[in-house]
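The values are calculated or read from the model by the stated rules, or taken from the named source; none is laboratory data. This one's a predicted model, so the numbers in the text were calculated from it and none came from an experiment. Positions of Cβ are backbone-derived with ideal geometry, glycine not excepted, and every protein chain shown enters the neighbour counts. Accessible surface is based on the protein model in full, side chains and every heavy atom, while ligands, DNA and RNA are left aside. Shrake-Rupley method; radii C 1.70, N 1.55, O 1.52, S 1.80 Å.
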Amino acid sequence: MSLLNQLSQLVKDPPPSEVFEFSETGIAFAHPGNGKAGGHGFYPFEPGTLVVSPVEDNVHRADAVTAVLQRIAPRDSSRKRRRAALILPDYAARVSVLDFDSFPSSPEEQLSLIRFRLKKTLPFDIDSAAVSYFAQPAEKGSTIEVVAVIVALEIIARYEALFRAMNFHAGEVTTSSLAALPLCPPAPRPGAVNVIAKLSAKTLTVMVLRGETLKLFRCVALEDVNENQILSVLQPTFSYVEDELAQPADKLTLCGFPPAALSGLRFEKDVLRSRYGAPGPYNAGLLGYLEGARN
């Protein structure tokens with residue numbers, strides 16, 4: 001399994017029978033448990049059913065969400081809980097790349113250190129949050145960089161309650177853009193820098209990869225979706241690459257943008273790609289999950 005596949009699935013259980021990616025627009029889904037990973041679809045929500053936030057309840061109409069889940073994967077009479085993977089909207093969580101000169105070997109000490117580093121950077125109480133993390137292989141002569149995913153317990157509890165009501169156990173949890181990482185085009189050379197921008201409604205997520213190492217993760221709620229707003233996030237990212245990584249970005253990879261978007265940027269452009277279909281703003285995480293599971 002490649003590093004990008006490991007990053008895409010930070011919380012893991014045995015393979016699920018169902019995969020669900022949530023967004024304000026609806027639920028993208030697949031049924032890999034029946035051997036048809038390529039069979040996937042999307043059911044929309046009525047506006048206001050789900051409102052994504054890192055600090056407030058996302059589920060505004062639990063009955064409507066349950067009705068959609070029932071259409072996708074009807075509850076059966078079995079008492080055994082069905083395994084499912086839950087892909088959260090990016091803005092429902094916080095993702096940070098933390099660097100350490102040294103990193104403890106004990107999981108308890110690792111988690112304590114990560115919680116300490118994150119304590120003053122979050123819009124919610126770290127002591128009331130679920131934390132998952134992955135220590136990336138250190139680059140030569142570099143610090144240890146750890147990818148941490150943090151979700152307020154009250155946020156994730158509401159999603160999990162929906163699953164329990166449908167007799168599902170959410171044994172795998174990740175976020176949309178992390179799940180989409182296996183869809184990134186291969187680096188043209190070792191150490192090349194790829195800036196990935198994923199637009200989903202008014203949420204812009206930007207990731208910086210050097211080779212297969214995640215160097216930066218930003219998720220921004222835009223006031224309006226226009227080129228100026230998007231560039232106000234991307235331009236500082238390009239500056240970060242040149243200043244902190246001491247090299248220019250080699251490629252800009254887009255997802256959820258119209259074909260002619262950002263034509264004024266003089267970077268080689270590419271898109272996320274999947275053997276299961278064209279990744280879009282509301283299913284890239286799902287297709288990336290399926291790609292990662294296949295590999």
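Things to note:
- Number of positions in region 80-136 that are basic (Lys, Arg), within 30 Å of residue 65 (Cα to Cα) and out of contact with any helix residue (DSSP H, G or I) (no Cβ under 9 Å at 6 or more places or on another chain): 1
- Qualifying residues in region 62-84 (those that are among the basic types (Lys, Arg) and more than 23 Å from the chain's Cα centre (by Cα)) - the one most open to solvent (accessible area, probe 1.4 Å): 79
- Cross-chain or 6+ apart pairs with Cβ under 9 Å, region 126-145 first and more than 15 Å from residue 111 (Cβ to Cβ), then open to solvent by 40 Å² or more (accessible area, probe 1.4 Å) and basic (Lys, Arg): 139/210
- The requirement of being at pLDDT 95 or above, over 30 Å from residue 208 (Cβ atoms) and among the aliphatic types (A, V, I, L, M) is satisfied by residue 62.
- Contact annotation: residue pairs with Cβ atoms under 6 Å, 6 or more positions apart or on different chains, pairing a residue in region 273-295 that is closer than 16 Å to residue 200 by Cα with a partner that is among the aromatic types (Phe, Trp, Tyr) and assigned to a loop (DSSP other than H, G, I, E, B), are 287/276.
- Among (1) assigned to a loop (DSSP other than H, G, I, E, B); (2) over 18 Å from the mean Cα position of the chain (by Cα), the one test that residue 122 misses: (2)
- Matching residues in region 179-197 - criterion: being open to solvent by 10 Å² or more (accessible area, probe 1.4 Å), at pLDDT 95 or above and under 19 Å from residue 267 (Cβ atoms): 184, 194
- Residue match in region 209-216 (condition: open to solvent by 60 Å² or more (accessible area, probe 1.4 Å), more than 30 Å from residue 76 (Cβ to Cβ) and within 20 Å of the chain's Cα centre (by Cα)): yes
- Test: residue in region 40-56 that is under 19 Å from residue 286 (Cα atoms), part of a loop (DSSP other than H, G, I, E, B), at pLDDT below 95 and aliphatic (A, V, I, L, M): no
- Members of region 236-288 that are assigned to a helix (DSSP H, G or I) and open to solvent by 10 Å² or more (accessible area, probe 1.4 Å): 236, 238, 239, 240, 242, 243, 244
- Single residue of region 139-182 satisfying the filter (aliphatic (A, V, I, L, M) and farther than 19 Å from residue 95 by Cα) that is nearest to the chain's Cα centre (by Cα): 170
- Test result for residue 19, in a loop (DSSP other than H, G, I, E, B), under 18 Å from residue 284 (Cα atoms) and modelled with pLDDT of 80 or more: no
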